[in-house]
Every structure is written in C-alpha cells, then in structure tokens.
Amino acid sequence: MPGTFFGVMRLSKTALVLFAFGVLGLCLTTAHSYSYVMDDALITLRYSENLATTGHAIWNRADMHHPAMGYTSTAWMAINSLTALFTRDKDTLVHFSKVYAFIAALGLLALATRWMIRLGYAIGPGLALTFLFFWNPVVGLHINSGMETILFMSLVFSFAYLVMNRANYFAILVVGFLCYLTRPEGGLLLATYWLWDVVGTRNVRRSAAGAAMLAGLLALYHAAVWAYYGDPLPLPFYIKQAMGPLFKPAAVKDTGVFLVSCALPYLAAVVMGQRFDWSRLELVVVVQAQLVVFFLTVEPFMNVVYRYQMPVLALLFLTLIAVRPRRPASKLLAALLVLVVAAQWVFNLGVTDMYARKTGRAAENLKVIGRALHERNDYRAWMAYGDAGFVCYYSDFNTVDLNGLNTSEIAKGSLSVEAALKNPDIRLLLANAEFKLDDPVVPRWPHDTAGLAYVGSVPVSRDSRRVSVVQFYSRDNFVRAEELARIDTAPDYDPSWFEGLYYWGRNLIKNR
C-alpha cells in the first residue's frame with residue numbers, strides 16, 4: 001500500500017527519486033562551502049544566546065535596562081535561541097544555525113517535489129528542475145551563512161504556492177506574517193496580497209476580517225518590540241545600507257549579475273512553458289517585480305552572492321514548475337540552454353568556492369582573536385568595534401558597535417563615534433584594515449583618538465594581492481603588544497581558481 005511523504009504526498013518512485021536527488025544536491029553544495037559563515041550571523045546568534053541564558057534579547061549583558069534591537073529577523077533570532085537552551089558552546093550554536101537553514105531548504109524541496117508529482121512531472125523534467133535549483137552552489141552557500149536567507153526564501157515560496165493554489169485566505173495571511181517576522185520586506189507580500197484580493201474578489205466582509213486579523217498581529221508584535229526596545233528604527237532595517245533613489249549603480253550591478261548568473265535559464269524556460277492559467281500567477285509575477293525594485297532602492301553593502309535576490313529566485317522556480325516547460329523544439333536551442341546552465345553552475349561554483357575559502361579562513365582567525373580576548377575580558381571594560389560579528393560573539397565583551405547596528409545612539413546620530421570613544425570605559429578599539437601585500441602595515445585610526453594608542457595588528461586573511469588585519473588600539477595598556485604576539489592566527493593564502501576571474505571582473509567594472 002502506498003504511504004505518505006512528509007504526510008502530504010503519496011510515495012511513488014518518481015517522488016522518491018526527485019526528493020533524493022534534491023537532498024543529494026543540497027548535501028553536496030552545503031559540504032562544498034561549509035567553511036563559510038557570514039559575520040552578521042554572529043550578531044543574531046549573540047542575541048539568541050542572551051535570550052536563552054538571561055531571558056532578554058540583548059546585545060550586551062550590560063544592556064539589560066537599555067536594550068537595542070540590532071537584529072533584522074525576529075523569527076530567526078528566536079529559532080536559534082532554541083539551541084542555546086541546551087548548550088552554551090558557541091560553535092554548536094553556529095553549526096545549528098546551518099542545520100535550521102538546511103531543514104528550511106528540505107521543506108522547500110518537499111513542497112516542490114509534492115507539487116511536481118501532482119502536476120504529473122516525469123522523472124526527466126523533474127530531475128532537470130531539481131538540479132537547476134537545489135544543485136545551485138549559491139543555495140549551499142546561504143545554508144552555511146548562518147543568516148535567515150534560506151528560511152525567508154522558503155517562506156516566500158510557500159506563501160506564493162498557497163496564493164497560486166488558492167488556499168485558505170487566512171492561512172495565506174498567517175504565512176505572510178511569518179515572512180514579515182523573518183525579514184521586513186515580507187510586509188510587501190502581505191500588503192500586496194491583501195490589496196490584490198480586495199480588488200479581485202470584492203469580498204468586503206472577508207477582507208475586513210483579514211485586515212482586522214493582520215492589524216491585531218502587527219499591533220501585538222510592534223507593541224512588544226516598542227515596549228522592550230523603544231523605537232527600534234533604524235536599527236533592524238538595513239542600517240548598513242544607504243536608502244536612496246532608484247537604480248543606484250551598485251544595486252543595478254548586483255541585480256544584473258543575479259539575472260545573468262542565476263535567473264537566465266528560468267526566464268528562458270518559462271517562454272517554453274505549456275499552457276497555464278496565468279491568472280493564478282499574476283500576483284506571483286507582481287511580487288517578483290516588487291522585490292527586484294525594492295532592492296534597487298538600496299545600495300547594499302552586504303549583498304553577498306545575491307542573498308537579497310534569493311526570494312526572487314525561489315519565485316522564479318515556482319513559476320517554472322507551474323508553467324511546465326517543454327523540451328525545446330530545436331536541438332540547437334536545447335544545447336544552448338544546457339550550455340547556459342552549465343556555465344552558470346561552474347561560475348557559481350567558483351564564486352562560492354572563493355567565498356568559502358577566503359571568508360572561512362578569515363572566520364577562523366577572527367574566532368582566534370575573539371577567544372584570546374575572552375581570556376582578557378574582565379566584564380567591566382568595553383570594546384569598540386565596527387564588524388560586530390565574530391570577535392564580539394566569541395569574546396563576550398560589552399561592545400559599542402561603531403556601525404550603529406547595536407548602539408542606538410550612534411545609529412540615530414545623537415552620539416558620534418568620536419564622542420563614544422571618549423568614554424573611559426572603552427578600553428579597547430578594534431578596526432579592520434586592508435593593505436596591498438607590499439605595503440607596510442601601519443595604523444589607520446588616528447593616534448590621538450580619545451587616548452587610545454595603537455598596539456599592533458593581527459592578520460586575518462590574505463589573497464594574491466591583499467592582506468587584511470585587525471588593528472588594536474588600547475587605553476592604559478589594557479592590551480599590550482606582547483599579548484597580540486601570542487594570538488596565533490593562520491591567514492595562509494589558499495588560492496582559488498576563481499580568483500583571477502574575480503579580479504578581472506573587478507577591474508573591468510572599476511575601469512568603466
């Protein structure tokens with residue numbers, strides 16, 4: 001007798017093959033870039049750890065009475081706090097953040113597989129679509145990032161799936177609200193769907209009930225945030241990005257790279273799709289366009305390997321499944337499409353390889369610095385630092401975040417960085433610097449900054465052209481040069497075959 005698959009789908013040979021093939025792809029791409037972790041993920045994990053151990057979602061233990069909301073994703077912060085209920089080991093928290101992202105990707109795979117079986121996909125076309133998405137090295141990189149990217153992408157896919165299949169109206173609103181709790185731009189999905197339904201169905205009574213439910217959920221959430229943190233803006237909403245007019249060069253470039261290196265086969269295959277009721281997909285297409293335009297309004301500093309565009313990729317995947325693309329009539333066209341997919345896969349394999357090698361190496365060295373500082377931490381002194389992830393997470397120092405993400409006074413402009421550094425409790429300033437290999441490592445921060453004297457630099461990463469260091473500035477000999485000499489980092493150059501292409505593209509863009 002046939003059983004069920006995740007409780008939602010009858011077992012069949014095709015279903016098992018497609019799901020197993022997708023799991024294999026996720027495992028291989030995740031293993032390929034497992035050393036990668038994004039620095040910002042450690043900011044959220046620090047809040048998660050403090051929530052589990054103190055009952056307060058705070059950045060510093062000293063912030064108990066004046067907390068700042070320095071994380072973007074409430075849902076992701078809460079999920080990761082579950083790990084901290086059972087362990088205080090910081091590496092375990094990082095590893096489990098990857099596990100949660102992998103589970104979210106498995107959920108998306110199960111839903112996509114179930115849908116392909118319902119639509120009557122044969123093994124061949126199903127394997128092709130599964131490879132296109134779940135074997136993409138970029139997906140593996142973002143599973144490993146420790147960020148909420150994969151969870152948000154999976155929720156957006158689920159939201160659009162429910163909309164397209166005309167599921168229960170209130171269930172769709174609840175999933176949309178979860179999208180909002182995961183990333184603020186999830187509110188775009190909620191608002192667009194509600195307005196679309198009002199105009200399309202003219203069901204005033206249901207729309208009013210939906211609006212009341214949403215208003216209640218949003219009011220409860222924001223009242224809780226306001227009561228605890230006060231005015232949270234602009235902290236959780238992309239403080240590292242500069243809001244501005246549409247079509248900023250950096251945003252246009254990132255979007256263009258995403259379209260060429262990830263989205264092109266989806267767009268081409270949709271054209272070859274079979275007949276489909278496009279009225280069901282209209283809202284999905286509108287949401288895709290909204291998300292693309294939204295990202296054009298910001299100049300992203302942290303858009304690592306198109307992580308802001310990943311929900312768009314998920315929606316393109318959903319659209320492609322729905323239209324059921326046919327085999328191209330022309331063998332030349334089929335060969336061209338295969339060539340494009342292969343070229344993209346190799347390109348993205350190189351991109352993720354470079355990030356995993358270089359960023360993974362830097363992450364290990366920053367952990368060494370953080371653990372060394374943890375031994376020096378007397379829990380009374382404060383540290384000032386810009387990149388607030390790894391070193392702050394592993395050192396447990398009370399930290400003034402010079403970017404303003406976790407220090408509301410700096411974010412809102414009521415406290416300048418210069419004024420903050422005059423605080424005598426700040427005994428240590430850390431600053432990142434990058435030099436050409438042949439250049440001497442010299443202090444970059446002014447020597448006379450609020451009595452903080454340059455102590456020395458610790459290398460964290462290098463490639464064939466540059467070396468990155470963390471520079472230490474100490475007050476009253478809080479940290480001495482001989483202590484830095486004992487911090488044993490290993491920024492050995494591990495060459496990547498993609499590096500030459502990376503520098504060629506970087507110079508090409510710069511020259512233009």
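When the range 71-95 is examined, which residues are found to be aromatic (Phe, Trp, Tyr) and surrounded by fewer than 20 Cβ atoms within 10 Å (Cβ to Cβ)?
Of everything in the range 71-95, just one residue is aromatic (Phe, Trp, Tyr) and surrounded by fewer than 20 Cβ atoms within 10 Å (Cβ to Cβ), namely Phe86.
Listed residues Val174, Val163; which is at pLDDT 95 or above and assigned by TED's automatic domain parsing to the domain that holds Thr113?
Val174
Only one of (1) of a type in the set (A, V, I, L, M, F, W, C); (2) assigned to a helix (DSSP H, G or I); (3) over 16 Å from Ala122 (Cβ atoms) is not met by Val37, so which one is it?
That leaves (2) as the condition not met.
It is to be established whether one or more residues within the range 326-334 are surrounded by fewer than 21 Cβ atoms within 10 Å (Cβ to Cβ), touching a Gly at 6+ places or on another chain (Cβ under 8 Å) and not assigned by TED's automatic domain parsing to the domain that holds Leu162.
Yes, some residue in the range 326-334 is surrounded by fewer than 21 Cβ atoms within 10 Å (Cβ to Cβ), touching a Gly at 6+ places or on another chain (Cβ under 8 Å) and not assigned by TED's automatic domain parsing to the domain that holds Leu162.
With respect to Thr30, determine if the residue is over 23 Å from the mean Cα position of the chain (by Cα) and at pLDDT 90 or above.
The answer is no for Thr30.
Yes or no: the range 55-70 includes at least one residue that is in a helix (DSSP H, G or I), buried (at least 22 other Cβ atoms within 10 Å of the Cβ) and not assigned by TED's automatic domain parsing to the domain that holds Asn365.
No, the range 55-70 contains no residue that is in a helix (DSSP H, G or I), buried (at least 22 other Cβ atoms within 10 Å of the Cβ) and not assigned by TED's automatic domain parsing to the domain that holds Asn365.
Leu337 versus (1) modelled with pLDDT of 90 or more; (2) more than 24 Å from Gly107 (Cβ to Cβ); (3) surrounded by 13 or more Cβ atoms within 10 Å (Cβ to Cβ): which is the lone unmet condition?
(1)
Given the criterion at pLDDT 95 or above and either surrounded by fewer than 19 Cβ atoms within 10 Å (Cβ to Cβ) or not assigned by TED's automatic domain parsing to the domain that holds Gly186 (or both), identify the matching residue among Ile103, Ile123, Ile143.
Ile103
Tell me yes or no: at least one residue of the range 306-316 is more than 23 Å from Ser145 (Cβ to Cβ) and touching a residue at least 24 places away in the same chain (Cβ under 8 Å).
No, the range 306-316 contains no residue that is more than 23 Å from Ser145 (Cβ to Cβ) and touching a residue at least 24 places away in the same chain (Cβ under 8 Å).
When you go through Val270, Val260, Val305 one by one, which is the residue that is closer than 23 Å to Leu162 by Cβ and not in a loop (DSSP other than H, G, I, E, B)?
Val270
Given (1) among the hydroxyl-bearing types (Ser, Thr, Tyr); (2) surrounded by fewer than 21 Cβ atoms within 10 Å (Cβ to Cβ); (3) more than 16 Å from the chain's Cα centre (by Cα), identify the lone condition not met by Tyr47.
Result: Tyr47 passes all but (2).
Could you check how many residues of the range 299-323 are modelled with pLDDT under 85 and either touching a strand residue (DSSP E or B) at 6+ places or on another chain (Cβ under 6 Å) or closer than 20 Å to Tyr193 by Cα (or both)?
1
Which of the residues that make up the range 81-126 are closer than 28 Å to Phe317 by Cβ and not in a helix (DSSP H, G or I)?
Leu119, Gly120, Tyr121, Ala122, listed by residue number.
Would you mention how many residues in the range 447-489 are part of a strand (DSSP E or B), charged (D, E, K, R) and in contact (Cβ under 8 Å) with a residue 60 or more places away in the chain?
Final tally of qualifying residues: 0.
Looking at (1) at pLDDT below 90; (2) more than 28 Å from Thr149 (Cα to Cα), can you tell me which one Ala388 breaks?
(2)
Across the range 167-206, what is the number of residues that are free of Cβ contacts under 8 Å to residues at least 40 places away in the same chain and part of a loop (DSSP other than H, G, I, E, B)?
Qualifying residue count for the region: 4.
The values are calculated or read from the model by the stated rules, or taken from the named source; none is laboratory data. This one's a predicted model, so the numbers in the text were calculated from it and none came from an experiment. Neighbour counts are summed over all protein chains in view; Cβ atoms, including those assigned to glycine, are modelled from backbone coordinates with ideal geometry.
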